[in-house]
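The values are calculated or read from the model by the stated rules, or taken from the named source; none is laboratory data. Computed from a predicted model, the values in this text were never measured in an experiment. Reconstructed Cβ throughout: ideal geometry from the backbone, glycine too, with neighbour counts over all protein chains shown.
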Amino acid sequence: MASKKFYITTAIDYVNAHPHIGHAYQKIAADVLARWHRIQGDKVFFLTGTDEHGQKIAKAAKEAGLSEKKFVDKISSEFIDAWKNLGISYNRFIRTTDKDHEEVAKKFVELMNKKGDIYKGTYEGLYCEGCEAFITEKELVNGRCRFHPNLEPKRLKEDTYYFRLSKYQDKLLKLYEKNKEFISPSKRRNEIINRVKEGLKDLSITRTSVTWGIPFPLEKGHSIYVWYEALLSYLAGIGWPNKKYEKFWPADVQLLGVDNSWFHCVILPAMLMSVGIEPPKKIYIHGFLTFNRQKISKSLGNVISPKYLVDKYGYDSVRYYAMRANPFGDDGDFSEQALKDRHNNELANKLGNLFSRITALGEKHGLEKGKNELLKKLDIKKIDKLFDSLEFDKVLNEIFAFIDLCNEYVQRKMLWEAENKKQIYEVLDSLKAIAILLYPFMPASCEKIAKHLGFKIAYNEIEKPLRERSVERAEALFKKI
């Protein structure tokens, strides 16, 4: 397969709270895609990070009795540790307090100003402190922001600088029409398109009431609006305005929660149009994750740390469950009991048992290399397409259906009998393909299988015959809980 570039980004997480499984859900999905493209030989850049400016951060730092910088350093390090515990293989973890990001934000403002897309004015309107954004009456549900129903919007008035967002309404609609995948999945498109068709208002991009932010380069006393500068992390992370950024831009996939959709599907592409930069190829918007059927929140006391889950179940099991339990894109639930059940029944009983049993038979009887007819029952082309459409649960359904078939084959062919050396080879060779396809989801376990059987984790190895060699009985991949 020809090598190509693949640039994937996630939302950069706001550091007014600690990392929880809701944050982890998105990062796991991004890591699955990044690893999938790497094993195909693509040049991958995977960007994640933290959003560290704004009013909420200043408030949280004050409550913690820390300076803003010490506070964001502390919480940002927690996110870094959380992703390390989950095996998240990002290429860069960007922080909006990084010097290069701050310089990019200022440079971008200056370029937009030269284009005539920034002007000074006064803003008066409703402001949601939870979103750190001005909102319209149309966006309210029962008088509150739909994402922060516990906060009453405040009416604010202040001097500000505006971005001429309204200028780009027609260009945005043309973008949505030309690239049907720009807003994905399709069910998320109509809401955005209809709102844009209603008309766009110019965007306030500075604050005089917020001091914890990047100074606005056109006038002292103004800081750059946190949402405006945070969007620029995707460029800063790959070296813009240095030409090397073009090696990976435009982003191939940006994964985001539904509460971030307006900023990324409307404001970001309009900002890029202003300075003549191509928009991302696809913005994939997923739903919210609940925990044990309850919204994840500090007030409910159900903010589950990824570290707690990894320490208890291992990171492969957490990653597997997160991608198997719900269709990615829909709202979903994270149930600890369901995680435990899948760990025991699917990972330990099915995959783990197959690995232990077939290596034991290989040690006892040996192998005889031959044609693997069993592998023909694995639909690799279908799995490719499901990966491309981010249907991770269906990818895993296909792979585990094949694992079931392999376990049934062991029983049906009675492979414990000495004369079945060719069939033992078939199952071991099939296990190689299983491990390569499962690797993006469960890298640690699949690397153990690869090391034990002596093959390389790479897409072009899936259908290559397993090298004939002596096989030793393997230790259990998963311990039952």
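Could you give every pair whose Cβ atoms fall below 7 Å, whose first residue belongs to the range 135-154 and is in a loop (DSSP other than H, G, I, E, B), and whose second residue is of a type in the set (Gly, Ala, Ser), counting only separations of at least 6 or pairs across chains?
Phe147/Gly130; Leu151/Gly130
Step by step: first the residues of the range 373-430, then only those that are of a type in the set (Asp, Glu) and part of a loop (DSSP other than H, G, I, E, B), then the one that is surrounded by the most Cβ atoms within 10 Å (Cβ to Cβ). Which residue is that? Explain how you work it out, then say what you get.
Initial filter on the range 373-430 (of a type in the set (Asp, Glu)): 373, 379, 384, 388, 391, 393, 398, 404, 408, 417, 419, 426, 429.
Within this subset, residues satisfying the condition of being part of a loop (DSSP other than H, G, I, E, B) are 373, 379, 391, 417, 419.
Working: Glu373: 11, Asp379: 13, Glu391: 18, Glu417: 11, Glu419: 10.
Among those residues, the one meeting the criterion is Glu391.
Return the residue satisfying two criteria in turn: it lies in the range 167-188 and is more than 18 Å from the chain's Cα centre (by Cα) and of a type in the set (Lys, Arg), and of such residues it is surrounded by the fewest Cβ atoms within 10 Å (Cβ to Cβ). Let's see the steps before the verdict.
Residues of the range 167-188 more than 18 Å from the chain's Cα centre (by Cα): 167-180, 186-187.
Now drop any that are not of a type in the set (Lys, Arg), which leaves 167, 171, 174, 178, 180, 187.
On the way: Lys167: 16, Lys171: 13, Lys174: 11, Lys178: 8, Lys180: 11, Lys187: 11.
Across the range 167-188, the extreme among qualifying residues is Lys178.
With the requirement that a residue be touching a Ser or Thr at 6+ places or on another chain (Cβ under 6 Å) and either closer than 21 Å to Lys115 by Cα or not polar (S, T, N, Q) (or both), what does the range 236-281 give you? Before the answer, list the steps.
Going residue by residue through the range 236-281, those that are touching a Ser or Thr at 6+ places or on another chain (Cβ under 6 Å) are 251, 254-255.
Ala251, Leu255, listed by residue number.
From the set of residues in the range 41-94 that are outside any helix (DSSP H, G or I) and free of Cβ contacts under 8 Å to residues at least 12 places away in the same chain, which is farthest from Trp212 (Cα to Cα)?
Among residues in the range 41-94 that are outside any helix (DSSP H, G or I) and free of Cβ contacts under 8 Å to residues at least 12 places away in the same chain, the one farthest from Trp212 (Cα to Cα) is Gly65.
Return a yes/no flag: does the range 444-455 have any residue that is within 24 Å of Ile28 (Cβ to Cβ), touching a helix residue (DSSP H, G or I) at 6+ places or on another chain (Cβ under 7 Å), surrounded by fewer than 22 Cβ atoms within 10 Å (Cβ to Cβ) and in contact (Cβ under 8 Å) with a residue 12 or more places away in the chain. Walk me through how you get there before you give the answer.
Within the range 444-455, the subset within 24 Å of Ile28 (Cβ to Cβ) is 444-451.
Okay, now just the ones that are also touching a helix residue (DSSP H, G or I) at 6+ places or on another chain (Cβ under 7 Å), so 444-446, 449-450.
In the following step, the residues that additionally are surrounded by fewer than 22 Cβ atoms within 10 Å (Cβ to Cβ) were identified as 444, 450.
Narrowing further to those that are in contact (Cβ under 8 Å) with a residue 12 or more places away in the chain: 444, 450.
For the range 444-455, residues within 24 Å of Ile28 (Cβ to Cβ), touching a helix residue (DSSP H, G or I) at 6+ places or on another chain (Cβ under 7 Å), surrounded by fewer than 22 Cβ atoms within 10 Å (Cβ to Cβ) and in contact (Cβ under 8 Å) with a residue 12 or more places away in the chain: present.
Only residues in the range 321-333 that are closer than 21 Å to Pro443 by Cα count as the first member; pair them with residues that are in a helix (DSSP H, G or I) and among the β-branched types (Val, Ile, Thr), Cβ under 9 angstrom, at least 6 apart or cross-chain, and list the lot.
Ala322/Ile21; Ala322/Ile28; Met323/Ile28; Met323/Val32; Met323/Val395
If I ask for residues that are farther than 19 Å from Asp259 by Cα and of a type in the set (Phe, Trp, Tyr), which ones from the range 116-155 would you list?
Tyr119, Tyr123
In the range 430-473, how many residues are within 21 Å of Leu347 (Cβ to Cβ) and either among the charged types (D, E, K, R) or at pLDDT below 95 (or both)?
Going through the range 430-473 one residue at a time, the tally reaches 5.
Any idea which residue in the range 301-339 is farthest from Val32 (Cα to Cα), counting only those that are basic (Lys, Arg) and at pLDDT below 95? Working first, answer last.
Kept after step one, since they are basic (Lys, Arg), are these residues of the range 301-339: 307, 312, 319, 324.
Among the residues that remain, those that are also at pLDDT below 95 are: 307, 312.
Details: Lys307: 19, Lys312: 22 Å.
That would be Lys312.
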